Structures are given as C-alpha cells and as structure tokens.
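The values are calculated or read from the model by the stated rules, or taken from the named source; none is laboratory data. This is a predicted model, so every value here is computed, not measured. Here the Cβ positions follow ideal geometry from the backbone for every residue, glycine too, while neighbour counts run over all protein chains shown.
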Amino acid sequence: MTSAEGQLTLSAEEYRKIAVQIEQGFLSGSEGKILAVTGPEPQCGKTLLSLNLSLILARRGERRVVLVEADLFRPSLRKYLEIEDGIEGLGDILKRNTQIDQAIVSVWAAGFDVIFSGQTGDLSDVMTGEALARLGSELRSDYELIIVDCPPVTLAAGRTLAGWADRSVVVARAGQTRRGAVEDSLKILGPDKTFGLVLNDVKRNPRSGYSSYGGYYSA
C-alpha cells in the first residue's frame, strides 16, 4: 500500500476530522451501517476519501470495516493497494452470482476488508435486484461499517447505490465542480440521505497549513 498512505500523511488532520464526524453522527446512533461516498462527477477525490476513511475508522483492525469499490466505470483502488488483477468483485457478485465471501480481500496491513470492482461497466440493470439486497444483508451482519465508493450520483448506478446506502457523503473539488452540480447532487439524494459535503482540493492556506480537504459540512 503506497499512494493512499501518502495522501493520508499529507492531510491526516482533515481526514481525522471527517472520521470523527462519522463516528459521532453516523456510527454512534441508529443511522445505519452503509455509508456511500459519491460526488457530482468523476475525479472529485471520492476514492481517496473512501480509502483513507476506511484506514482511520478501522483502527487497524479494532473495528470491522469493509470498503466496497462500487464505481464500476472508473475503478482505481488496485493502484493504491497494489493488488493484482483478476480478482472477482462487486460486478461478479451482481452479474454472475459470485459468493460474497469469495470476493472479499483482507488488507491485513490496514486492518480492513475490500470488495473490489471485479467485472466493470454499466451494471445498473442488476443493481436493483436480489443480489444487491443480499449483499447489503450479509455485509450488515458481518461488519460494523460498510463504506461504498460510488459512481457519480448523477448517473443511474450512482443514484441506485446511494439509495441502497443509509447515508451519503458528497465530495466536490474546489475550482472544478460547478456549484449547480453540487446542488443537483444534494437534491437527488435529499436531506434524509445526505450526511455531509466535503470540499476537496482547497488551495493551501499558509496560516492553517492545510491543502487537501478544506471543508466538511455536516447535514
């Protein structure tokens, strides 16, 4: 594991702040167990946020956490975790009825499990079926927290997965994501499904010393 660890070190305090919000506002109550991380568009930083939150919230194995790579259009977790190709994952669970336990990869050094994308492409036609319901049921029984790296919520697959999750964090990139796109994403999710908004890639403030995740706004 290389790149994600570096990102965590560079902005550890900001990631920890978000993790604390999730612990206090999501895990400590009756909110649920499945937290989607999504955004209005690709390349907004949602995968790195999902990965680093999994690292922090797993507490090196003290809490049972699984990270689900559900962005089947742009999967990128392998490049951060240095996992070989060819592993079955979410796409295979949904499309080929692969058993869930066959798709779970334990990242021992980080203390959490991962379900990689597996078969990729547009699988929105099977994301509303029995396989998705079975996935949710089994993961809820085995894990304290399920973090889902989702496609953009503006896509059909993103909307389906965000609806399947208990709550969602929306990630926007400063200087790139249009305000209207953020507003549209929040409207699609609705207040009952939105946990918070993360503003990513804020320019460095010399006084604060932070440059990566510049804001978190709890719903």
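Observations
- Only one of the numbered conditions (1) within 17 Å of TRP164 (Cβ to Cβ); (2) under 16 Å from the mean Cα position of the chain (by Cα); (3) of a type in the set (S, T, N, Q) is violated by SER124, and that is (2).
- In summary, helices (runs of 4 or more DSSP H) completely within the range 129-195 and bearing 3 or more residues that are modelled with pLDDT under 95 and closer than 20 Å to GLU69 by Cβ occur at 130-142, 156-164.
- VAL105 meets each of the listed conditions (1) aliphatic (A, V, I, L, M); (2) at pLDDT 90 or above; (3) touching a Gly at 6+ places or on another chain (Cβ under 6 Å) apart from (3).
- Every residue from the range 32-45 that is within 11 Å of VAL198 (Cβ to Cβ) and at pLDDT below 90: CYS44, GLY45
- Pair list, Cβ < 8 Å and 6+ apart or interchain, from the range 138-154 residues that are touching a residue at least 12 places away in the same chain (Cβ under 8 Å) and within 23 Å of ASP122 (Cα to Cα) to residues that are of a type in the set (S, T, N, Q) and outside any helix (DSSP H, G or I): CYS150/THR38; CYS150/SER168; PRO151/THR38; PRO152/THR38; VAL153/THR38; VAL153/SER168
- Residues of the range 16-46 that are surrounded by fewer than 24 Cβ atoms within 10 Å (Cβ to Cβ) and of a type in the set (Ser, Thr, Tyr): SER28, SER30.
- Filtered by the rule that a residue be small (Gly, Ala, Ser) and buried (at least 22 other Cβ atoms within 10 Å of the Cβ), the range 111-147 gives SER117, GLY118.
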